[in-house]
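Down below is the structure, laid out as structure tokens.
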Amino acid sequence: NNVLVARNLKKVYGSRGNIYPALDDINLEIKEGEFVGIMGPSGAGKTTLLNVVSTIDRPTSGTITIDDEDIVKMNEKRLSLFRRNKLGFIFQDFNLLDTLTIRENIVLPLALSKINYKEIERRVNEVSNKLGINDILNKYPYEVSGGQQQRTAAARAIINKPKLILADEPTGALDSRSSSDLLQCLNDLNENSKATIMMVTHDAFAASYCKRIIFIKDGVLFTELFKGKSRKEF
Ligand code: ADP
Ligand code: ADP
């Protein structure tokens, strides 16, 4: 079953006389449990695609359903709730709050929910175990490494058990070793916890962790690769 279905997606920027499409008739499906990479040259429309899927921006025309709900028709109030309940976000620059501890950052998505304290503690333990950040829960973001900050962001993204995790250049600010650690974590979330992930990246190394890579060029889907049995693991 599909987590995401996008049909005839268009996003046009500019005004009369100077109009060009950033997304031009995109059709896309992502099934539960997929780990999909979106690649393409600068200006191809990757961020625009991620923004309309993440409900941050609205398409000019076309439909998007996530978990069988039409997100284009939703008003802002419902979208806000929908994001909290159904989506998890990981950004290039971590987006952690510096005045909150790692633990407090992780539980932020649950702050407005009715989930009780015991269940929150259980989930904090679960996600911090998965991401290897148990021993920094009482520290502040500026006291830990960039890699640990991004794993904190990943923990925050999964604590509400989202239907879809959206990652925008998640390794963009990380060194090589921290990138590997984060990608291994995303891989484990995908394989062991069946998390569905859509990741925009410039980085071929990051893309090598995806099970399917979609290339976008000038606002249209260009080609896609599926990771097959031919892959050789070293
Ligand atoms: P990518 O993420 O692949 O680099 P983007 O989605 O950021 O590409 O941009 C796609 C195209 O849309 C580019 O030509 C970009 O200049 C244009 N674009 C993006 N955002 C805006 C905006 N807010 N206003 C006008 N044009 C935009
Ligand atoms: P609202 O302000 O509508 O209540 P939230 O504050 O609940 O929305 O934010 C929902 C999610 O959207 C958060 O995880 C937040 O990090 C993310 N978000 C906010 N701004 C952007 C953006 N410009 N691009 C992508 N995601 C964003």
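Structure above, values below:
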{"read-out": "Separation of the D218 and E29 label points, Cα + 7 Å toward Cβ, nm", "value": "2.8"}
{"read-out": "Solvent-accessible area of D181 with every protein chain in place, 1.4 Å probe, in Å² to the nearest 10", "value": "70"}
{"read-out": "Computed magnitude of the charge dipole of the chain (debye, nearest 20; Cβ of K, R +1, Cβ of D, E -1)", "value": "500"}
{"read-out": "On Cα atoms only, tilt of 117-131 relative to the major axis of the chain in degrees", "value": "70"}
{"read-out": "S193 versus I115: modelled label distance in nm, points set 7 Å from Cα along the beta carbon direction", "value": "1.0"}
{"read-out": "Calculated FRET value between T99 and R122, using beta carbons and R₀ = 35 Å, to 0.05", "value": "0.85"}
{"read-out": "Placed amide H near D57: partners under 5 Å, 5+ positions off or other chain", "value": "V52"}
{"read-out": "In segment 99-234, lysine pairs with alpha-carbon atoms under 25 angstrom apart (chain gap of 8 or more, or interchain)", "value": "29"}
{"read-out": "Accessible surface, 1.4 Å probe, highest first, among residues I120, I216", "value": "I120, I216"}
{"read-out": "Exposure ranking of Y13, Y117, Y20 by accessible area [1.4 Å probe, largest first]", "value": "Y117, Y20, Y13"}
{"read-out": "Between segment 1-58 and segment 182-220, the Cα center-to-center distance that results, in Å", "value": "16"}
{"read-out": "Derived scalar couplings ³J(HN,Hα) [segment 215-222; Karplus, 6.51 cos²θ - 1.76 cosθ + 1.60; whole Hz; x for Gly, Pro]", "value": "9, 10, 9, 6, x, 10, 6, 9"}
{"read-out": "Relative contact order of the chain, pairs being alpha-carbon contacts under 8 Å that are 6 or more residues apart, as %", "value": "28"}
{"read-out": "Relative contact order computed over segment 113-201 (Cα-Cα under 8 Å; 6+ residues apart), in percent", "value": "30"}
{"read-out": "Charge-dipole axis of segment 22-171 as Lys and Arg at +1 and Asp and Glu at -1 on Cβ define it, positive-most pick from I64, G146, T48", "value": "G146"}
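The values are calculated or read from the model by the stated rules, or taken from the named source; none is laboratory data. Small disclaimer: the values here were computed from a predicted structure and weren't measured. So basically every Cβ, Gly included, is an ideal-geometry build from the backbone, and we count neighbours across all protein chains shown. Each accessible area value is taken on the protein alone, full model and side chains, heavy atoms only, with ligands, DNA and RNA left out. Shrake-Rupley method; radii C 1.70, N 1.55, O 1.52, S 1.80 Å.
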